[in-house]
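Before any comments, here is the structure.
The values are calculated or read from the model by the stated rules, or taken from the named source; none is laboratory data. Just so we're clear, the structure is a prediction, and the values are computed from it rather than from any experiment. So basically every Cβ, Gly included, is an ideal-geometry build from the backbone, and we count neighbours across all protein chains shown.
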Amino acid sequence: MADMDNMAAIDFDRYDRIRPIRWEGDHLQLLDQRKLPFATEYVECRTYQDVAQAIFDLTVRGAPAIGISAAYGVVLASFDVNAADGVEALAKLEPAMQVLHDARPTAVNLAWALEQLRHTFRASGADWKNKLLDRANDIAKEDLAANRSMGIAGAELIAPNSRVMTHCNTGSLATAGFGTALGVIRAGVAMGRINKVFAGETRPWMQGARLTAWELQEDGIEPTLVGDSAAAHLMKTGAIDWVIVGADRICANGDTANKIGTYALAIAAKHHGLKFMVVAPESTVDMGTANGDLIHIEERDPQELLGIGGVRTAAPGINAWNPVFDVTPSELIDAIVTEKGVIEHPNAEKMRAVFGQMSST
Ligand code: MRU
């Protein structure tokens with residue numbers, strides 16, 4: 001659990017200014033992450049279909065942010081529904097929830113958020129619409145609180161003046177705020193534990209180059225961008241102490257799905273004797289999936305690989321394979337940091353001790 005003195009020492013307002021999801025009372029605004037860092041525009045979602053499309057298109061992305069957006073998507077869908085109580089409302093809203101669920105398969109936070117709302121429906125009477133909105137708001141608030149506490153707990157594992165590398169974007173943009181792995185980096189810088197940050201560019205969608213580098217720069221933390229293919233060489237030069245990443249799904253044995261390229265970083269870190277940390281809230285833990293072989297890995301349009309920023313780089317007629325996540329086996333992970341506690345050298349027994357037995361989502 002995060003030390004309270006360290007919690008009090010962090011100026012969260014300094015680090016916590018970007019908000020990718022805004023609930024406006026009758027619609028949802030999502031910061032368009034396809035256009036960052038050169039344009040800061042919000043997309044307006046007035047229906048659950050708008051939200052599902054925004055999740056699929058990566059307008060909003062990052063496991064916790066997807067879950068929070070889907071929860072508000074259900075709130076939007078509820079506007080058209082008349083029902084005497086939550087049970088009747090749930091029956092009417094299940095088709096919309098299925099559409100939201102199917103928008104992206106790998107991040108379990110999406111299924112988790114919908115399951116949270118199902119519990120709320122079942123426990124609600126005539127006031128189910130208020131209860132639904134309250135739960136959606138709480139999912140966002142709980143995520144922010146978890147990130148702040150994980151940030152400090154993760155930073156406490158790191159020796160002063162360490163050098164770290166991260167992958168993809170796990171910051172405010174990917175969450176309700178502060179971030180998971182990026183939250184550890186923010187807290188680590190504030191606490192004097194981290195004095196150098198390398199960000200991998202994260203082909204093909206460039207979450208590292210476009211989003212993480214920008215977020216860090218906005219905070220006054222100067223990142224050094226590296227090509228994904230430069231990571232192992234960078235480690236060999238002795239420039240890194242920790243690799244710190246987020247997660248899209250953590251299985252019952254600690255196997256972890258995250259952005260494609262994470263597995264390669266974990267192997268390279270092990271080879272060079274570096275530490276590897278995964279940071280994710282309980283909403284990313286899937287105790288109903290025994291191990292990483294059972295995770296559905298999203299494959300996206302090969303067009304994403306055949307060019308950069310809309311400019312074609314491969315010759316016409318070239319085929320491409322575009323899996324956007326991979327699975328890091330638990331034996332390559334030194335620590336999983338959650339708001340429920342830190343699990344060092346994770347395995348099924350240690351995961352069960354913290355998270356118990358959960359049903360599959
Ligand atoms: O395809 P994306 O950009 O949604 O993938 C995001 C990641 O893989 C993140 O590392 C993960 O969701 C954790 S975000 C706190």
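Side notes on the structure shown:
- Contact map, region 174-193: residues that are among the hydroxyl-bearing types (Ser, Thr, Tyr) paired with residues that are in a loop (DSSP other than H, G, I, E, B) and buried (at least 24 other Cβ atoms within 10 Å of the Cβ), Cβ distance under 6 Å, separation 6+ or inter-chain. Pairs shown: Thr180/Thr170; Thr180/Gly246; Thr180/Ala280.
- Search result, residues across region 38-77 that are of a type in the set (Phe, Trp, Tyr) and either in contact with a Lys or Arg (Cβ under 8 Å, 6 or more places away or on another chain) or part of a helix (DSSP H, G or I) (or both): Tyr42, Tyr48, Phe56, Tyr72
- Leading residue by the ranking (nearest to the ligand (Cβ to nearest atom)) among those in region 266-285 that are over 21 Å from Gly171 (Cβ atoms) and outside any helix (DSSP H, G or I): Leu274
Rundown of residues vs (1) assigned to a helix (DSSP H, G or I); (2) over 24 Å from Ala176 (Cα atoms), yes/no style:
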{"position": "Ala264", "(1), (2)": "yes, yes"}
{"position": "Gly288", "(1), (2)": "no, yes"}
{"position": "His296", "(1), (2)": "no, yes"}
{"position": "Gln303", "(1), (2)": "yes, yes"}
{"position": "Pro316", "(1), (2)": "no, yes"}
{"position": "Ile336", "(1), (2)": "no, no"}
{"position": "Val354", "(1), (2)": "yes, no"}
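- Answer residue from region 210-222, given it is in contact with a Pro (Cβ under 9 Å, 6 or more places away or on another chain) and of a type in the set (A, V, I, L, M, F, W, C) and is surrounded by the most Cβ atoms within 10 Å (Cβ to Cβ) among those: Leu211
- Among the residues listed as Asp80, Asp102, Asp32, Asp127, the single one being assigned by TED's automatic domain parsing to the domain that holds Asp16 and surrounded by 14 or more Cβ atoms within 10 Å (Cβ to Cβ): Asp32
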